[in-house]
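Here's the structure we're looking at; comments come further down.
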Amino acid sequence: MATKKKAKAANKKRTSAKKAVSEKKAGRPVIAAKQDAKTKPEEAAAKPTKVSRPAVAKTSRHGKSKPKPRGLIIFGAIVGVVILIAVIGKIRQGPPVKLIPAKVLAVYSLAESTVGPLSSPRGIAVSPDGSIYIADLGNHRVVKLGPDGRVVDTWGQKGKAAGEFNEPSGISVDDQGAVYVADAWNGRIQKFTTQGEYLGEISAKAGNFYSPRNVAVDAGKYVYVADTGNSCVKKFDADANLVKHWGEYGPGRERFQETFGLGVGPKNRIYVGDAGNRRIKIFTAEGKYLQEIRVKGWQSGVSWPMLAVDSTGRVYAADVQNNMIWIYDSEGKYLGSWGNKPGKEIFASPLSITIDSQDVVYVSNMTRGEIIKIAPYREK
């Protein structure tokens, strides 16, 4: 009898298990109220039963689902990235343009002169006595003006012989008055007296130049050449011997993508206008990199990045595309810009620039074929 009861209880247990499995498969919650054999039915009914319920999203009092914390984190991250990009962009863009007035002292045009007008004037240099020398590229000559802007002399014509030129682009004068001309497509640097007498040259063979577009001379009479096609700077002594060479084509602090602008500043620092990298790079006289200036107006592209440095180390960058001159202090901090205003069109493709011993600025207006003389920059 006891055996039959045990068998009956086992069958009942197996039947309950099968029912639970089938309900689970059907997707219905299983309510399992296990009772101890000694538990009374009324006690079992009084005990709470755990029920598995599907997850339900919490809602606000307006009936809308609350966003999950993970979504908030992702949203915050996206906002942070957008802000970071904006900040970086602003830093790269630099400070806003600060247009300051330029006081024009004189405008020198040869349109009515007996020697004919300037044609796409490029390099300018001012000698210790105030004479102004212009590399008149389109006419393949050098023009000399007196301190009052009147024509004193001209020399040169298109050709390959000594004293002739094929696109004279840059020009410089040493403290003794000797004139150095970057004769671009003849691939040489020619040297003359103040009267235009040929003194010698750093030849294409000696310099291994490829279209040198600029030249500068320091107080020690070392000659620096912007070897444009070779994207480098070359330094020569007074006897035309190569003593230093730095740079090659490419990005980076000590590389260039075509050298154009060239200047010697205080402490004998060498300033180089780098066309492809769109900045001014500053070096020691031995070619050691010091710092650089990202000229704001050059960032959209610059064809002839020309520059000049005054006695305090302020840097002036000519911006032919935007008809502006950008001015920076000796540490590379932006000070302001000279530019055109409605009814006062000072600049017309200002391609080249130089500064005399009194910090007076001279700019060649390429499209007008003129030289403008501007009073020194003064901080207010």
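Where a number appears in this text, it was derived from the coordinates with a stated rule and is not lab data. No experiment lies behind these values; they were computed from the predicted model shown. Note that each Cβ is placed from the backbone with ideal geometry, even for glycine, and that neighbours are counted across all protein chains shown.
Past 22 Å, Cα to Cα, is the threshold; run Lys144/Lys205; Lys144/Lys191; Lys160/Lys221; Lys160/Lys235 against it and keep the listed order. Can you show the working numbers first?
On the way: Lys144/Lys205 29 Å; Lys144/Lys191 15 Å; Lys160/Lys221 26 Å; Lys160/Lys235 24 Å.
Table pairs above 22 Å Cα-Cα are Lys144/Lys205; Lys160/Lys221; Lys160/Lys235.
So which GluC sites (Glu not before Pro) in region 287-360 end up in coil per DSSP with only 13 or fewer other C-beta atoms within 10 Å? Write down the numbers at each step before the final one.
On the way: sites: Glu292, Glu331, Glu345; in loops: Glu331, Glu345.
Here the GluC sites (Glu not before Pro) that fit, given the DSSP loop and packing criteria, are Glu331, Glu345.
Counting other Cβ atoms within 10 Å, keep those with at most 16, restrict to DSSP loop, and tell me which chymotrypsin sites (Phe, Trp or Tyr not before Pro) in region 112-221 are left.
Details: sites: Tyr133, Trp155, Phe165, Tyr180, Trp185, Phe192, Tyr198, Phe209, Tyr210; in loops: Phe209, Tyr210.
Those that pass, being in a loop and sparsely packed, are Tyr210.
What fraction of the DSSP beta bridges in region 219-276 is antiparallel, stated in percent and rounded to the nearest 5? It would help to have the intermediate numbers written out before the result.
Details: 13 of 14 bridges.
Roughly 95 percent of the beta bridges in region 219-276 run antiparallel, per DSSP.
What does the charge count near Glu254 come to, summing +1 for each Lys or Arg and -1 for each Asp or Glu among other residues with Cβ under 12 Å from its Cβ?
Numbers: positive: Arg253, Arg255, Lys281, Lys288; negative: Glu248, Asp274, Glu292.
Computed value for this residue: +1.
Add +1 for every Lys or Arg and -1 for every Asp or Glu among the other residues with Cβ under 12 Å from the Cβ of Ala240, and state the total.
Values: positive: Arg188, Lys191, Lys205, Lys221, Lys234, Lys235; negative: Glu201, Asp237, Asp239.
So the surrounding residues net to +3.
How much net charge surrounds Pro168 when only other residues with a Cβ under 15 Å from its Cβ are counted (Lys, Arg +1; Asp, Glu -1)?
Details: positive: Arg122, Arg141, Lys144, Lys158, Lys160, Arg188, Lys191, Arg213; negative: Asp136, Asp153, Glu164, Glu167, Asp183, Glu201.
Computed value for this residue: +2.
Cα gyration tensor of region 241-282, axes a ≥ b ≥ c as square roots of the eigenvalues: rounded (a/c below 1.5), prolate (a/b > b/c) or oblate?
Details: a/c = 2.03, a/b = 1.28, b/c = 1.59.
Oblate.
Specify the inter-centroid distance of region 169-194 and region 256-327, based on alpha-carbon positions, in whole Å.
Going from one Cα centre to the other spans 20 Å.
Report the trypsin sites (Lys or Arg not before Pro) located in region 284-365 that are in a DSSP loop and have at most 16 other Cβ atoms inside 10 Å of their Cβ, or state none. Mind dumping the intermediate values first?
Numbers: sites: Lys288, Arg294, Lys296, Arg314, Lys333, Lys344; in loops: Lys288, Arg294, Arg314, Lys333.
Listed in order of number, the matching sites are Lys288, Arg294, Lys333.
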